[in-house]
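What follows is a single structure, and I will ask about it in a moment.
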Amino acid sequence: MRIISVKLENYRNHANKEIFFDKGLNLLLGKNGSGKSSILEAIGYALLNTGLRTTVDDTIKKGENSASIIVTFIAIDGLTYRVERQLKSGVASNWKLFLEGEKSPRAKAQKEILDKIRELIGIESNTENVYKNVITAYQNQLTQIFMETPVKRAEIFNQIFDTAIYRDMSDGYLKIAIDKYNKEIDKTNTIIITKSENIKDSKSLKDEIEELNNNEKQFKTEIEKVTKEIEHVKKIRDFLIDTKNKIDANKLKLENNNKNLQDAINSRKTIDLRLAECFEAINIVEANFENHEKYTVIDVFSPDRLGFLYQVTSKMNQIGLSIYFAKISTHGDDIVDSFYVLDRSGKKVSANDYELIKTELIDTITQLL
């Protein structure tokens with residue numbers, strides 16, 4: 001058990017103080033009246049219900065209505081606990097025991113708390129005497145126990161260390177243990193006698209040992225043979241596993257190749273279908289010329305495509321034709337457009353240029369299909 005810290009509020013001359021303790025020996029130093037004894041008194045009162053030196057009213061800091069003590073310690077079970085005790089004039093103290101980290105107390109009745117703390121710190125005898133005379137020594141009382149008469153000292157130490165336990169052990173537990181071990185000794189002696197009777201002569205034992213040695217050699221030979229067979233089987237197993245892994249890898253590659261081939265076939269079908277559509281579209285593209293008293297009329301027949309009108313009019317402008325107006329119409333998925341044009345000099349287009357214009361327009365339209 002180890003005390004980690006003690007926190008005091010309005011306890012005697014400590015308004016708000018928290019003291020932390022290291023492992024091992026801790027020493028409280030201070031001037032007379034600085035509150036060293038109050039710290040020890042608070043620890044004993046909170047943990048073991050040792051009495052207060054004065055009344056509750058005198059224990060509470062002057063001018064305050066209540067005081068509190070919080071002691072945090074590590075118990076013999078290795079867990080951290082927190083005991084809280086509050087004092088208020090004219091009211092029974094509020095005493096609670098918590099497992100650190102829990103909101104609900106493990107115990108809050110006085111006897112329940114004291115029994116639990118005794119269990120947690122490993123003191124089953126008179127805890128108040130143990131605390132005052134062994135765990136701590138109040139100032140001016142360090143040697144008081146040794147100044148008592150021999151009879152009184154024996155009485156105090158018997159209370160502190162509960163020597164009745166050892167008498168019980170001597171009269172009861174140890175006697176039972178001795179009887180038990182005596183029975184075990186008798187049992188062992190009987191076994192030894194029985195074994196002694198069964199011991200064979202040295203020649204017989206020698207023959208048996210030699211036979212055992214021969215059997216051991218045979219077993220070793222068999223074990224070596226089996227070990228070699230196991231190694232051979234392991235090699236075959238490793239070879240089969242490696243072969244299976246290679247087959248699985250090749251199978252995966254084959255599946256990927258088949259998938260890629262099928263994708264290529266599907267892509268080829270799509271391309272062939274598109275080409276067929278293009279050839280079909282090319283066959284129905286046509287550009288004709290009509291006579292008009294003022295303009296040359298170019299009639300264009302083609303499947304409808306996005307950007308058709310823009311590409312056709314751009315091409316006409318590129319080859320030197322000026323479009324004065326056009327008639328745009330569609331029939332289902334087909335376009336029937338008529339363009340009224342003149343050349344750059346503002347004249348009707350010469351018949352000699354018809355074939356060139358037709359070729360340029362059909363090439364442009366074909367690229368859209």
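Return the FRET efficiency for the residue pair residue 106, residue 233: r is the Cβ-Cβ distance, R0 is 51 Å, and the value is rounded to the nearest 0.05.
The calculated FRET efficiency here is 0.25.
Just how far, in whole angstrom, is segment 293-326 from segment 47-70 if you go by their alpha carbon centroids?
Here the answer is 110 Å between Cα centres.
Sorting check: for 305-313, 231-239, 293-301, which peptide has the highest mean count of neighbouring beta carbons within 10 Å, and how do the rest follow?
293-301, 305-313, 231-239
Would you work out if segment 291-368 is rounded, prolate or oblate? Take a ≥ b ≥ c from the square roots of the eigenvalues of the alpha-carbon gyration tensor; rounded if a/c is under 1.5, else prolate when a/b is larger than b/c, oblate otherwise.
Judged from the Cα gyration tensor, segment 291-368 comes out prolate (a/c at least 1.5, a/b above b/c).
Taking 18 Å as the cut-off for C-alpha to C-alpha distance, list the pairs among 7/61; 96/116; 7/116; 36/111; 61/108; 17/103 that go past it.
7/116; 36/111; 61/108; 17/103
Shifting gears a bit: What FRET efficiency comes out for the pair residue 322/residue 366, r = Cβ-Cβ distance, R0 = 22 Å, nearest 0.05?
Working: r = 24 Å, r/R0 = 1.09.
Computed FRET efficiency for residue 322 and residue 366: 0.35.
For residue 293, put the label point 7 Å out on the Cα→Cβ axis and report which residues of segment 323-352 keep their amide N under 16 Å from it.
348
Check cross-link reach from residue 195 to the lysines: straight Cα distance under 19 Å, and skip same-chain residues fewer than eight apart.
183, 187, 203, 206
If R₀ is 35 angstrom, what is the calculated FRET efficiency for the pair residue 344 and residue 266, using the beta carbon separation as r and rounding to 0.05?
Computed FRET efficiency for residue 344 and residue 266: 0.10.
Okay, next question. What is the gain in length, in nm to one decimal, between residue 286 and residue 336 on full extension, counting 0.36 nm per residue of separation less the C-alpha to C-alpha distance?
Result for the pair: 17.0 nm of gain on full extension.
With a ≥ b ≥ c taken as the square roots of the eigenvalues of the C-alpha gyration tensor of segment 2-122, please select rounded if a/c is under 1.5 and otherwise prolate if a/b is larger than b/c or oblate if it is not?
Oblate, because a/c is 1.5 or more while a/b does not exceed b/c.
How far is it, in nm, from the label point at residue 96 to the one at residue 16 when both lie 7 Å from their Cα along the line to the Cβ?
Inter-label distance under the simple model: 2.0 nm.
No lab work stands behind these numbers, since they all come straight from the coordinates. Everything numeric here is computed off the predicted structure, so don't read it as measured data. Using ideal geometry, Cβ is built from the backbone for each residue, glycine included, and neighbour counts are taken over all protein chains shown.
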